[in-house]
Amino acid sequence: MQALLEVFGNIANLDLKMVAMWIIGGILIYLAIKKDMEPTLLLPIGFGAILVNLPLSGAVGEHGPLTTLYNAGIANELFPLILFIGIGAMIDFGPLLSNPKLMLFGAAAQFGIFFTLCTASMFFADKDAASIAIIGAADGPTSIVVAQALDSNYIGAIMVAAYSYMALVPIIQPPVIKLLTTKKERLIRMPYVQREVSQTTKILFPIILTIVAGIVAPDSVALIGFLMFGNLIRECGVLNSLSETAQKVLANLVTIFLGITIASQMQADKFLSPATLLILGLGLVAFVVDTAGGIIFAKVLNLFLKNKMNPMIGAAGISAFPMAGRVVHKMGIKEDPQNFLLMQATGVNVSGQIASVIAGGMILNFFG
Amino acid sequence: MKKILSVLFALILSFSLFSFGAFAEGSANIETTVVEESSETVSSEIESSEPEKKEDAKDDMDVDLDFNPSGVTRNLKYMGLGMLGIFAVVGVVILITFILNSVTGKKK
């Protein structure tokens, strides 16, 4: 009996909040596996949430491996920046470079970040409000870098919200798009004019963008620089093996560490609070207003354009690549099977990636 | 439809767990305050009847969520500057891209 008590004595340290976190971890794992929602991140986050919420867990604490990984890669923002190299190597800027005006939609779709900043500042300190607002960037690495740089108290909730909502884009966006557009607007066709983009343009674009964004928002140099470095590796044509490695091995490796380390911020006493619920709500507001911002910008532009644009492509301006572009394309096909919006939507989606990083740099400039 | 319903169900369940956790946190804090009061001297008991504010909010997520509408007006200028900055950068990039395309590109 004494031996049994010694073996299972740790159960006395268990509390209901830990069990609640196990269930939340289980839900994230379920969404990742059964519903295929961002499994690369939700599964490690879900499992990590269980790991760190076991009583007297050896995974966290002063010498815990998750604490060590957190200090090594998230506290200094290294993991998300390295992941950006992989993301940059995956992105093809061709559709955007063939029609650069599409970048305006990516810029407009960042409105949700600043709207959420104003809303969140009613409840949180400015630095925390800014960290919460960046969920609207719909970009995990940017959210982590900004929240960490601003030393937010709510990094765990922000990370979970950012990645969860990125996975929920196909569910969040369509109702917002339908609410803000008429049937006639959704039927507007946008014939794609293929313009060949030279290799020189594709090579110079990441370099020039880094210089311009870096001068305007110096705090964004790391974010934009690593993203564009990855893209330069892809486009230069002489580093195919590095490009392959960055896109696959590097991205997957960092994703594994990032996912499970994020969970170290999901300890029950830190995570289960009214503030976390509010952050999840504000994150949703950010995504919805982002989508709305892009669509409304397109509708305003149409007032002045002879060849109208389908306002749905404005919704693709959030950084959730490539999901947002695919959502818009699918909605276009559903309305009119002959209306192919994929290239334009992809171009806008890619521009959203760039604009979200610039927005992150702006936020760091203002509050860093 | 089934997928949306199951995802919504999962989210509602998560929110319920959060609410439960927040309620449990609140109850634990009330109990903690009661235990602390009973162990203090008379003068300390009077002082400890005021809610304790933890300095390090990272260790204790029982942070007061004060409603402060002035935050909106305070941050409106950042909204304006931020959007202006993003459009300015994007505008310059569009211009440079047009120049690059016209110098090096071909149209089919």
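Each reported figure results from applying straightforward, stated rules to the coordinates on display, with no laboratory input. All figures in this text were calculated on a predicted structure; none of them were measured in a lab. Methodologically, a virtual Cβ is constructed for each residue, glycine included, from the backbone with ideal geometry; neighbour enumeration extends over all protein chains shown.
So here's what we get for this one:
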{"item": "Cα shape, the protein assembly as shown, gyration tensor, a/c 1.5 rule", "result": "prolate"}
{"item": "GNM result for chain A, Cα springs below 10 Å: residue of A:ASP128, A:ASP290, A:ASP36 fluctuating most strongly", "result": "A:ASP36"}
{"item": "Tilt relative to chain A, helix A:323-335 - C-alpha long axis, 0 to 90 degrees, to 10", "result": "50"}
{"item": "Among A:GLN110, A:GLN247, A:GLN338, residue whose mean-square fluctuation peaks in a GNM of chain A (springs only between Cα atoms under 10 Å)", "result": "A:GLN338"}
{"item": "Of B:ILE94, A:VAL52, A:TYR165, farthest towards positive along the dipole that unit charges on Lys, Arg, Asp, Glu beta carbons give the protein assembly as shown", "result": "B:ILE94"}
{"item": "Gain in span if fully extended, A:LEU305 to A:ARG189, counting 0.36 nm per residue against the direct Cα distance", "result": "40.4 nm"}
{"item": "Distance between modelled label sites at A:LEU242 and A:ASP36, nm, 7 Å Cα→Cβ extension", "result": "3.4"}
{"item": "Pairs beyond 31 Å (Cα-Cα), from A:LYS202/B:LYS77; A:LYS178/A:LYS306; A:LYS178/A:LYS248; A:LYS101/A:LYS330; A:LYS248/A:LYS308", "result": "A:LYS202/B:LYS77; A:LYS178/A:LYS248; A:LYS248/A:LYS308"}
{"item": "Cβ charges +1 (Lys, Arg) and -1 (Asp, Glu), total dipole of chain A, debye", "result": "1540"}
{"item": "Förster radius 51 Å - calculated FRET efficiency between A:MET1 and A:ILE215, Cβ distance, rounded to 0.05", "result": "0.10"}
{"item": "Test item: Cα-centred dipole of the stretch A:135-221, Lys/Arg +1 and Asp/Glu -1 on Cβ, debye", "result": "680"}
{"item": "For chain A, built as a Gaussian network whose Cα springs stay under 10 Å, the top-fluctuating residue of A:MET103, A:MET190, A:MET228", "result": "A:MET190"}
{"item": "Residues with amide H under 5 Å from that of A:ARG195, placed H, sequence gap 5 or more", "result": "none"}
{"item": "Label point distance in nm, A:LYS330-A:ASN76, each placed 7 Å from Cα along Cα→Cβ", "result": "4.1"}
{"item": "Relative contact order (%) - criterion: Cα under 8 Å, at least six apart; region: chain A", "result": "30"}
{"item": "Ranked by how many other beta carbons lie within 10 Å on average, peptides A:81-88, A:179-186, A:312-319 from highest", "result": "A:312-319, A:81-88, A:179-186"}
{"item": "For A:286-295, mean number of other protein chain Cβ atoms within 10 Å", "result": "0"}
